[in-house]
Every structure is written in structure tokens, then in C-alpha cells.
Amino acid sequence: LMQFSCMYNTICGNNITESTYYGLYMHSSSHNDISANSITQTKPVGVTGLYLGGGQFNIIHENNITNNYADGIEIFSSDNNTFYGNTIKSNADSGIFITGSSNNTFYHNNIINNPVAVVSPSTYINFWNSSYPSGGNYWSGYTGVDIYSGINQNETGSDGIGDSAYTIGGNNTDYYPLMGPFSNFSISYQEETYYIATSCNSTISDFQFDEAAKTVSFNVTGEDGTTGFCRVIIPNTIIEDLWQGNPTILVNGAPVEYRNWTDGTNTYLYFTYSHSEHEVIIVPELPSFIILPIFMLTTLIALALYRKRKF
């Protein structure tokens, strides 16, 4: 798919695979919206999944760019573009290759299992995170830990963001690397489209939003015996309308403690659990006289299951 000198177009929902040239080639094109495309398995002639040359003010989001012959994304002489929510995975040479380009912004992307995550000369400065608490990108090669929180990562308690920055090279740094892959889910609320996102070290499945019941639910799955965490990003409109600013998080029906932050647009909920497979439901605040019986019941069930397994 090739675009030359195009403006104000939307390229959405395409499955681009086994291309004999670039998967998606855009030259001298600006102010375009490229989203929800799958760009995979370019052939040796093709080289790169997505090429952006001489373009400005494009928004590239929620694309799956994987298993391409050379680079996932190549950016040449292109400034002031925004890349967010993309999965850039298992490309043969690099995830993102940048030359002659500055002031591009990357956040909430999953950059996974590429031989080199990013190739970028130090003379060009791009931005690799959003502000706190929104955060940066998920890097499969990141080895930092998450013990602290806060804008300077020096406050007690985890927040789903790495305590140390991820250095890309030169002047390019992700100051708020995510500790788990990012997933984005579109929902319809009062006939408008909103997005609820997660960043978790668990596999997320069966995501559902029920406006009438005032619930958000999904399943989390991970290796038995490990600690799971989830960071859920919810628009403040929904936080206030559905839960009056005080949601309750239930894991397998039991309320769990959580930490929260807001940036004026979204609320960020962070909580942990012991892995295997669990159902997570976010509901309106439960009265205290209901929480205690639920806690006692779930404790008794867990004890009974433990005794049965031991026997």
C-alpha cells in the first residue's frame, strides 16, 4: 500500500501481509490517521513494515507491526508525528529505525523481541514517554524493577512503571517504561466512543464493559505461584458517572486494595494478585457491611480448596 503527498486521510483496519514492497509506504504525507492495521511478513524485496518519509503531524496508533523482513517501522526526515498503542514485535532487524527525524512522540507502544529495539542517531531527539502517570512504552528488554512510584519514582509503593529509565541511546530516553504490555479496548458509553486500557504482566482476555450494570470486567492469567499486577486506565468521565469516583475492584469476587492516580483526563488504578487465572470486575463502591461477609466467604472457599488440594 503506497501513499504519496496525501493529507487528512484515514487508513484503518487493513490486513497487509506478504508485500513485495513495503507493507505501508507513506511519502511526503501529513495529517493522516493510520490505525488498527496489521502489517506482517514483508518479503525480502519489501524490507520494512511501515515507512514514513518526509511526513509531519501523522498519528500512527494501535497497529500490529510484526514479523517483517527488516525493520518494523522506518522513519526518514519526518518530524512531529505521534506513535501510540502499537505492537512492534519480532521484526528481523529492528523495531524502529529513525534517521533525520526529530520531535516525534512514542508512548504506550509494545516493543517486543526485536534484535534491536530502536536505531536512532543521538543527534536527533525524539520523545519516548507521555507525562506521569500516563507513562512510556513497554520494552521486552527492560530489566528494571518497580518498587517506587511518583513523578520522580521515589515514593513508596509500586505503580506499574519502572523505577529507572530505559536508555535508547544518545539523547533518547524513556523515563517511564511500562512494566507490562499495553492493551487498549474501545467501548461505547452514552453513544460515544471511549477507551479503557490495561498494562499488566498477565494475559488479558474476555474484556467487557456493561454500562447498565456499571461494570468493567476481564480475566487475567499468568504462571502459577507468581505475582501479577494490573494497571487499568479509565477515563474520568466513566469513573465519576458510574462509580462517583470510588470504584471497587473485585478479584474472584473479593475486594482488593488498589492505588490510584489521575492526570485530569484519566484515572489509573494499580493492584496486585497471586497468579493463576482470575476474574477482575470493577464495580461501584460496596458498602462496608457487604465487604466483610464477602471477605469471610472468599477466605472460607480458599481454605476449603487448599484443604482439598492438600488431601
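The values are calculated or read from the model by the stated rules, or taken from the named source; none is laboratory data. Small disclaimer: the values here were computed from a predicted structure and weren't measured. Neighbour counts are summed over all protein chains in view; Cβ atoms, including those assigned to glycine, are modelled from backbone coordinates with ideal geometry. All accessible areas refer to the heavy atoms of the entire protein, side chains included, with ligands and DNA or RNA removed. Shrake-Rupley method; radii C 1.70, N 1.55, O 1.52, S 1.80 Å.
Observations on the structure shown:
- Put simply, of Ala213, Ala197 the only residue that is part of a strand (DSSP E or B) and either closer than 20 Å to Thr87 by Cα or open to solvent by 20 Å² or more (accessible area, probe 1.4 Å) (or both) is Ala197.
- Whichever residue in the range 91-127 is assigned to a loop (DSSP other than H, G, I, E, B) and open to solvent by less than 20 Å² (accessible area, probe 1.4 Å) and, among such residues, is farthest from Gln56 (Cα to Cα): Asn91
- The single condition among (1) open to solvent by 40 Å² or more (accessible area, probe 1.4 Å); (2) modelled with pLDDT of 95 or more; (3) among the polar types (S, T, N, Q) that Gln41 does not meet is (2).
- Residue that is most open to solvent (accessible area, probe 1.4 Å), among those in the range 174-194 that are part of a strand (DSSP E or B) and among the acidic types (Asp, Glu): Glu192
- Of all residues in the range 141-173 being of a type in the set (S, T, N, Q) and open to solvent by 50 Å² or more (accessible area, probe 1.4 Å), the one that is farthest from Phe229 (Cα to Cα): Asn171
- Per the listing Glu285, Glu257, Glu240, the residue uniquely within 29 Å of Glu155 (Cα to Cα), part of a helix (DSSP H, G or I) and either open to solvent by 70 Å² or more (accessible area, probe 1.4 Å) or modelled with pLDDT under 95 (or both) is Glu240.
- Ile73 vs. criteria closer than 27 Å to Ser122 by Cβ, surrounded by 17 or more Cβ atoms within 10 Å (Cβ to Cβ) and modelled with pLDDT of 95 or more: yes
- Residues (buried (at least 18 other Cβ atoms within 10 Å of the Cβ) and assigned to a strand (DSSP E or B)) located in the range 200-210: Cys200, Ile204, Phe209
- Scanning the range 128-140 for residues that are surrounded by 13 or more Cβ atoms within 10 Å (Cβ to Cβ) and either in contact (Cβ under 8 Å) with a residue 40 or more places away in the chain or β-branched (Val, Ile, Thr) (or both) yields Trp128, Asn129, Ser130, Tyr132, Pro133, Ser134, Gly135, Gly136, Asn137, Tyr138.
- In the range 153-162, the residues that are assigned to a loop (DSSP other than H, G, I, E, B) and closer than 26 Å to Val119 by Cβ: Gly162
- From Asn81, Asn104, residue being touching an Asp or Glu at 6+ places or on another chain (Cβ under 7 Å) and touching a residue at least 12 places away in the same chain (Cβ under 8 Å): Asn104
- Test: residue in the range 13-26 that is open to solvent by 40 Å² or more (accessible area, probe 1.4 Å), in contact with a Pro (Cβ under 7 Å, 6 or more places away or on another chain) and touching a residue at least 24 places away in the same chain (Cβ under 8 Å): no
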